[in-house]
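The values are calculated or read from the model by the stated rules, or taken from the named source; none is laboratory data. Worth saying up front: this structure is predicted, and the values here are computed from it rather than measured. Cβ atoms come from the backbone with ideal geometry, glycine included; neighbour counts cover every protein chain shown. Protein only, heavy atoms only, side chains kept; ligands, DNA and RNA dropped before computing areas. Shrake-Rupley method; radii C 1.70, N 1.55, O 1.52, S 1.80 Å.
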Amino acid sequence: QKEVEQNSGPLSVPEGAIASLNCTYSDRGSQSFFWYRQYSGKSPELIMSIYSNGDKEDGRFTAQLNKASQYVSLLIRDSQPSDSATYLCAVNPILTGGGNKLTFGTGTQLKVEL
Amino acid sequence: EAGVTQSPTHLIKTRGQQATLRCSPISGHTSVYWYQQALGLGLQFLLWYDEGEERNRGNFPPRFSGRQFPNYSSELNVNALELEDSALYLCASTRRGTDTQYFGPGTRLTVL
């Protein structure tokens, strides 16, 4: 089982719709969770972090964390063509990480269509 | 606040040569992380430096090495380059006591 799993996609949504990106992780003791956006050929850009169960909103983005289900998601409201990118989920796994090393999923490719 | 910087942007080497990649963290950040991202693949953790010490290492051969300098900048050295070392090498930094990583623009290494 991979430590952090994401559906590779592509996930296609129409412009203006809500995009829902999902991530599951294997280390039940994980405490920190991150979403990054990566455009093709560019470096990852931090979207947001979440540490507590529930929702965290930042503009059009909402991160949702459910530690009992070992599940974290990212919702993008009013999706725009500029949101088309690969979204990386990252987890700080307590058991295998050691300190602040993050484990990344392989990413979900999002395509927002006009 | 300036972000993480990396140099060079692009690096072309031939098989068997050595490559040196450099990273300067955000001011005030003390930890530096190196990742390899081969084309179409995910981020693979290489090395983590904190306060000048190597704290953790990913599943890479010893020809991948590095160091962190007193000013917290870092370099990654790759010896005896192989074709499969061609990838985007990313550096990230964190402030002491936090785990939020901020990435630099990366160095694209091409091995011919």
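Using only the alpha-carbon atoms of the protein assembly as shown, report the extent along each of the three principal axes, biggest first, to the nearest angstrom.
Extents along the principal axes: 49, 39, 37 Å.
Please calculate how many Å² of accessible area chain A carries per residue, with a 1.4 Å probe and no DNA, RNA or ligand atoms counted. Please report the intermediate quantities before stating the final value.
Working: 5290 Å² over 114 residues.
Heavy-atom accessible area per residue stands at 46 Å².
What per residue convex hull volume, in Å³, do the alpha-carbon atoms of segment A:40-114 yield?
Working: hull volume 8.5 nm³, N = 75.
Output value, Cα hull per residue: 114 Å³.
Output the residues of segment B:29-45 meeting this criterion: accessible area (heavy atoms, 1.4 Å probe) in the chain alone minus accessible area with all protein chains in place is 10 Å² or greater.
B:Tyr33, B:Tyr35, B:Gln37, B:Gly42, B:Leu43, B:Phe45
With the full set of protein chains in place, find how many percent of the accessible area of segment B:55-112 is carbon and sulfur; take the probe as 1.4 Å.
53 percent
Out of B:Gly58, B:Gly28, B:Gly97, any idea which swings most in a Gaussian network model of chain B, alpha carbons joined below 10 Å?
B:Gly97
Can you send over the solvent-accessible area of B:Ile26, 1.4 Å probe, protein chains only, in Å² to the nearest 10?
About 10 Å², ignoring ligands and nucleic acids.
Largest first, what is the accessible-area ranking of A:Asp55, B:Asp50, B:Asp85 with a 1.4 Å probe?
Numbers: A:Asp55 110, B:Asp50 30, B:Asp85 5 Å².
Most to least solvent-accessible, the answer reads A:Asp55, B:Asp50, B:Asp85.
As an exercise, use a Förster radius of 35 Å and the Cβ-Cβ distance of B:Arg95 and A:Lys111 to find the FRET efficiency, rounded to the nearest 0.05.
On the way: r = 34 Å, r/R0 = 0.98.
Here the calculated transfer efficiency is 0.55.
Using a 1.4 Å probe and ignoring any ligands, DNA or RNA, find the accessible area of B:Arg95 and quote it in Å² to the nearest 10.
Only protein atoms counted, so the area is about 110 Å².
So which residues in segment B:59-104 end up with at least 30 square angstrom less accessible surface once the other protein chains are there, compared with the chain by itself, probe 1.4 angstrom?
Residues passing the criterion (a loss of at least 30 Å², heavy atoms only) are B:Asp99, B:Thr100, B:Gln101, B:Phe103.
Counting DSSP beta bridges with both partners in chain B, what percentage is antiparallel, nearest 5?
Numbers: 36 of 40 bridges.
Restricted to chain B, the bridges split so that about 90 percent are antiparallel.
Can you give me the % of accessible surface on chain A that is carbon or sulfur? Probe 1.4 Å, all protein chains present, nothing else counted. It would help to have the intermediate numbers written out before the result.
Values: 2510 of 5290 Å².
Heavy-atom surface of chain A belonging to carbon and sulfur, 1.4 Å probe: 47 percent.
What quantity of accessible surface, computed with a 1.4 Å probe and excluding non-protein components, is buried in total between chains A and B, in Å² to the nearest 100? Before the final figure, lay out the partial values.
Details: alone 6030 and 6060 Å², together 10620 Å².
What A and B bury together is about 1500 Å².
What average number of partner chain Cβ atoms lie no more than 10 Å from the Cβ of the residues making up A:38-46?
5
Provide B:Thr100, B:Thr94 ordered by accessible surface of protein heavy atoms (probe 1.4 Å), highest first.
Numbers: B:Thr100 20, B:Thr94 0 Å².
Of B:Thr100, B:Thr94, the descending order of accessible area is B:Thr100, B:Thr94.
To the nearest 20 debye, what is the magnitude of the charge dipole of chain A about its Cα centre, counting +1 on the Cβ of each Lys and Arg and -1 on the Cβ of each Asp and Glu?
Values: 10 positive and 11 negative charges, 56 e Å.
In total the dipole reaches around 260 debye.
Residues of chain B: accessible area per residue at 1.4 Å, in Å²?
Values: 5330 Å² over 112 residues.
On a per-residue basis, chain B sits at 48 Å².
Kindly work out what percent of the DSSP beta bridges joining two residues of the protein assembly as shown are antiparallel, to the nearest 5. Show your work: numbers first, answer last.
Values: 72 of 80 bridges.
Percentage antiparallel, nearest 5: 90.
Given A:Lys42/A:Lys111; A:Lys56/A:Lys101; A:Lys56/A:Lys111; A:Lys2/A:Lys42, which pairs have Cα atoms separated by over 21 Å? Could you put the intermediate results ahead of the total?
Numbers: A:Lys42/A:Lys111 17 Å; A:Lys56/A:Lys101 23 Å; A:Lys56/A:Lys111 23 Å; A:Lys2/A:Lys42 25 Å.
Cα-Cα > 21 Å for A:Lys56/A:Lys101; A:Lys56/A:Lys111; A:Lys2/A:Lys42; rest within.
Let me know the mean shielding of A:53-65 by other chains, meaning the per-residue number of their Cβ atoms within 10 Å of its Cβ. Mind dumping the intermediate values first?
On the way: counts 0, 0, 0, 0, 0, 0, 0, 0, 0, 0, 0, 0, 0.
Mean shielding count: 0.
Using the beta-carbon distance between A:Gln70 and B:Thr20 and R0 = 25 Å, what value does 1/(1 + (r/R0)^6) give for FRET efficiency, to the nearest 0.05?
Working: r = 40 Å, r/R0 = 1.59.
Taking R0 as 25 Å, the efficiency between A:Gln70 and B:Thr20 is 0.05.
What's the average, rounded to a whole number, of partner chain beta-carbon atoms within 10 Å of each residue's beta-carbon in A:101-111?
Numbers: counts 11, 10, 3, 7, 2, 4, 3, 0, 0, 0, 0.
Per-residue shielding by partner chains comes out at 4.
What is the Å³ per residue value for the convex hull set by the Cα atoms of chain B? Each step should come with its number before you reach the end.
Details: hull volume 10.5 nm³, N = 112.
Cα-based convex hull of chain B, divided per residue, equals 94 Å³.
Using only alpha carbon pairs under 8 Å that are at least six residues apart, calculate the relative contact order of segment B:1-86 and give it in whole percent. Mind showing how you got there, number by number?
Details: 163 pairs, mean separation 26.9, N = 86.
Computed over segment B:1-86, the figure is 31 percent.
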